[in-house]
Amino acid sequence: QVLAQVSPPGGGLSAHTRAAMTLSADALIVPCCIVGILFACYQFTLIRQVKVGDGSMAGKDSLEAQETPEGRIVGIYIRIMEGAMTFLREEYTICAVFCVFFGLTIMGLVSWGTHSTKQGVATAVAFWIGASTSMLCGFLGMMIATYSNARTTLSAVKKEDGYTKAFNVAFRGGSVMGYLLCSLGVLVLWILLTVYKMFFDDMETLMDCVAGYGLGGSTVAMFGRVGGGIYTKAADVGADLVGKVVAGLEEDDPRNPATIADNVGDNVGDIAGMGADLFGSFAESTCAALVIAASAVAGKQDESLTAAGWDALMFPLAISAAGIVVCMLCSFVATNISTVKTQPDIEKVLKVQLVLTAVLMLPVTYFLAVKMLPKEFALESVRAKGHVMGTPEKAFACAAMGAVGGLIIGLITEYYTSHTYIPVRELATACKSGAAVNVIFGMALGYKSCIIPVFVLAANIYVAFSLCDLYGIALAALGMLSTLATGLTIDGFGPISDNAGGLAELAEFPPEVRERTDALDAAGNTTAAIGKGFAIGSAALVSLALYGAFVVRLKSLDVDVDLSGVNVLEPITFAFLLIGSMIPYWFAALTMKSVGKAAGEMVEEVKRQFSLTDSQGKTILTGSTEIKPDYDRCISISTKSSLKEMIAPGALVIGSPLVAGTFFGVQAVFGLLTGSLVSSVQLAISMSNSGGAWDNCKKYIKGGHSDDPELRYVKNPKTEVEKAAAGKAREAHDAAVQGDTVGDPFKDTSGPALNIVMKLQAIVSLVFAAYFSACGRGNGLLGNYLFK
């Protein structure tokens, strides 16, 4: 729609600006979000058409009591849903208590730093709204994932069109989460901005307050990623080490007491945690773009985006809103046009989704830039004195660089983690020499996989920075996240398919059903690795954009610090640069040790249950009918361990910039953020890709994809070739399982959580910028005494 341009108080529009800007942001953003929510509801109604049980959902006893797989799946489905709900309820209770107290801290410190109680209250309210929205998105994502998993299994039973129906249910389950999260995230932020506009005439102050929204989302994401990651990997490692390596059981064998906890973990870690993480990325990149766009431009205020009006300021939100509709239209290609009919189709269809949405977003972004931005606009610069001039074409180029760069990073990630390509196959060959060589090769693969993504990020940053300064960096991040709905759909697809395979094994469906769900899961793993590449790349750009917004914000405050550039040769800056580069390693150490401790408890519990004997001297493994696996005890171990262990890593990330800024000043924060960003990117990429490669190496050997009989693990060999190679194949398989066990916390706990380390430290610094400036005029409470 074409509506009259609305200018904020004090802003005027030139004739050429009016001519160039004809698209109303509000008329675009709100309908796109409503369409996204309605589409998610429509997808949910399609999933509901697959019935689980007779509708009575007769309780957990059906796991043992029912004679048919279709009857047993009801009880397993309920156990997984209840386990996930219990964990999320306890985790969100802790998050809610923390957010209340942290919100009050924000209110007090921001009020003191800005000398405005109104600004402090507004920032705290934005923080609480961001945290609540993040929790809601995580909860909805987890509910739809647990709702879809059994329906995916049941859809895979049919021989004729099992692949098509199972794929569609899993894909639609992921899409409900993706479209709800994106639509709610954009809509809530738009409502917050619209309401705050009534209370603040100054756009710069308004955007500073709204930055609290990004901080709220990222704070919950930290606890969700770390807590959920520890939960899922404690159960996974425990189930693998005792069940597979010691007892020789299949994955998700119903005799393994840890297997239900493992399936619960897929939901709380890979769904709720990942959803909150990517919601945080969207919220923070948008807030960074808004803060930079609304910053006062010395000597050129009448040519700034603030003077251009509300619609020009809302350009970042418009990109995200339009992305929802583009992703929605592309989703019909997967479910209605080019459908999945056989196993090879799965990965191809998912990859087409990623490429198609990224390509279609380019002309849409160009159209929005031309219609919403003035022909020329001034931006506050941190690399030059004064300002830089931007144009719609430059803004489009920045966003396009982000979208294309994200796609390249994703495809390179796939190359290093999919067993279709050479790196993982080399890793499988290394398994012949044992677990140690496998681990060495896997670590080397992860380090090597950093090279091209870092070059791509460096090119993105250079081009975007050169064209539109820090605003360009924020737009590049938003360009990467513009197809977030599709990214989340595919990320959700993997855990739903994984759970579906677990349910097929636990309910004892025929092997061909497990084969179909495993094929879906394998494709989901590969495309999830692509999604992680997007997430890491966008996190790096978001972090840099927030860092820049922090510097821009300080320029408008009363600080006794040279802000013409960040000088790493300043003693305090260089000292904290080293400290900042150490933070990701400290964080990774805490999270990996937590997984190790929780997994150790799980291993002991599973061993204890396996050692119990009944009146006839039989154990669970030898067919006891009296002793049943105690699934609830394993769920309880994972829940308690993860909730206890998530506190220290969260406190480290949130507390480090606060301590640095309070006591040592903003130059210490500059060093801390620089070191943390540079270090986190490398570590996140290497850990995620090493873990993903080890996982697919195990699947490569177990799935019999190799021409080498010594790399084809067959539990019951039949041919002479299989019998001759059985011993070495079993040793290679065990080495691969142990490598995967090492990689589990790499790819699902520490690696993904490092995304949040980068972003959360930067958004904390931005929100508390005014407070830092009030501490010794930016030199900190100790800085004036130690460094002057």
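Of note:
- The long axis of helix 571-611 is offset from the longest Cα principal axis of the chain by roughly 20 degrees.
- Sequence-distant residues sharing a close amide H with SER304 (under 5 Å, placed H): ALA378
- Accessible area (Å², 1.4 Å probe, nearest 10) - MET85: 50 Å²
- Part-to-part distance (alpha-carbon centres) for region 115-136 and region 138-155, which is given in Å: 32 Å
- Over 21 Å apart at the Cα level, from the set LYS375/LYS759; LYS532/LYS644; LYS348/LYS759; LYS532/LYS747, are LYS375/LYS759; LYS532/LYS644; LYS348/LYS759.
- Dividing the mean sequence gap of close Cα pairs (under 8 Å, 6+ apart) by how many residues region 660-742 holds gives a relative contact order of 24 percent.
- Between 0 and 90°, nearest 10: helix 392-417 axis offset from the chain longest Cα axis: 20 degrees
- Principal axis box of region 133-251, alpha-carbon based, largest edge first, Å: 66, 37, 16
- Translational diffusion of the chain, µm² s⁻¹ [Kirkwood Rh, Cα pairs; Stokes-Einstein; 25 °C; 0.890 mPa s]: 93 µm²/s
- Spatial separation of Cα centroids for region 709-729 and region 440-505, in angstrom: 38 Å
- Distance histogram in 5 Å bins (all Cα pairs of region 664-733, percent per bin): 3, 16, 16, 12, 8, 7, 7, 7, 6, 6, 5, 4, 2, 1, 0
- Cα lying deepest toward the dipole's positive end in the chain, options PHE465, ALA444, ILE37, charges on Cβ: PHE465
- Whether region 256-354 is rounded, prolate or oblate, judged on the alpha carbon gyration tensor where a/c under 1.5 counts as rounded: oblate
- Cα gyration tensor shape of region 443-486, rounded if a/c is under 1.5, else prolate or oblate by comparing a/b with b/c: oblate
- Its convex hull of Cα atoms gives region 125-186 a direction-averaged projected area, equal to a quarter of the hull surface, of 3.9 nm².
- Hull volume in cubic angstrom per residue (convex hull over the Cα atoms of region 657-788): 106 Å³
- Using a cutoff of 8 angstrom between alpha carbon atoms and counting only pairs six or more residues apart, the relative contact order for region 483-638 works out to 14 percent.
- Anchor LYS351: aspartates and glutamates whose Cα lies under 16 Å away (excluding residues fewer than 8 positions away in-chain): GLU414, ASP491, ASP521
- With 10 Å bins from 0: P(r) over region 408-555, alpha-carbon pairs, percent: 11, 28, 29, 20, 9, 3, 0
- Expected 222 nm ellipticity per residue - DSSP helices of 4 or more, -39500 (n - 2.57), all of the chain, to 500: -26000 deg cm²/dmol
- Size descriptor, Kirkwood hydrodynamic radius, that averages inverse alpha-carbon separations across region 157-214, Å: 14.4 Å
- Relative contact order, percent, the chain [alpha-carbon distance under 8 Å, six or more residues apart]: 20 percent
- The Cα atoms of region 294-410 define a convex hull whose projected area, averaged across directions, is 8.4 nm².
- Links that overshoot a 22 Å alpha carbon limit, given the list LYS165/LYS718; LYS51/LYS158; LYS432/LYS699: LYS165/LYS718
- Within the straight-line cut-off of under 27 Å between alpha carbons, the lysines reachable from LYS618 are LYS60, LYS244, LYS607, LYS628, LYS715, sequence neighbours fewer than 8 places apart in one chain being disregarded.
- A simple rule links phi to the HN-Hα coupling: the Karplus curve 6.51 cos²θ - 1.76 cosθ + 1.60 with θ = phi - 60°, which for region 762-772 gives 6, 6, 4, 4, 5, 5, 9, 4, 5, 5, 4 Hz, with x for Gly and Pro.
- Amide H partners (placed H, <5 Å) of SER624, local residues excluded: THR619
The values are calculated or read from the model by the stated rules, or taken from the named source; none is laboratory data. Fair warning: this is a prediction, and the values are worked out from it, not measured in the lab. So basically every Cβ, Gly included, is an ideal-geometry build from the backbone, and we count neighbours across all protein chains shown. Accessible surface areas use protein heavy atoms only, side chains included; no ligands, DNA or RNA. Shrake-Rupley method; radii C 1.70, N 1.55, O 1.52, S 1.80 Å.
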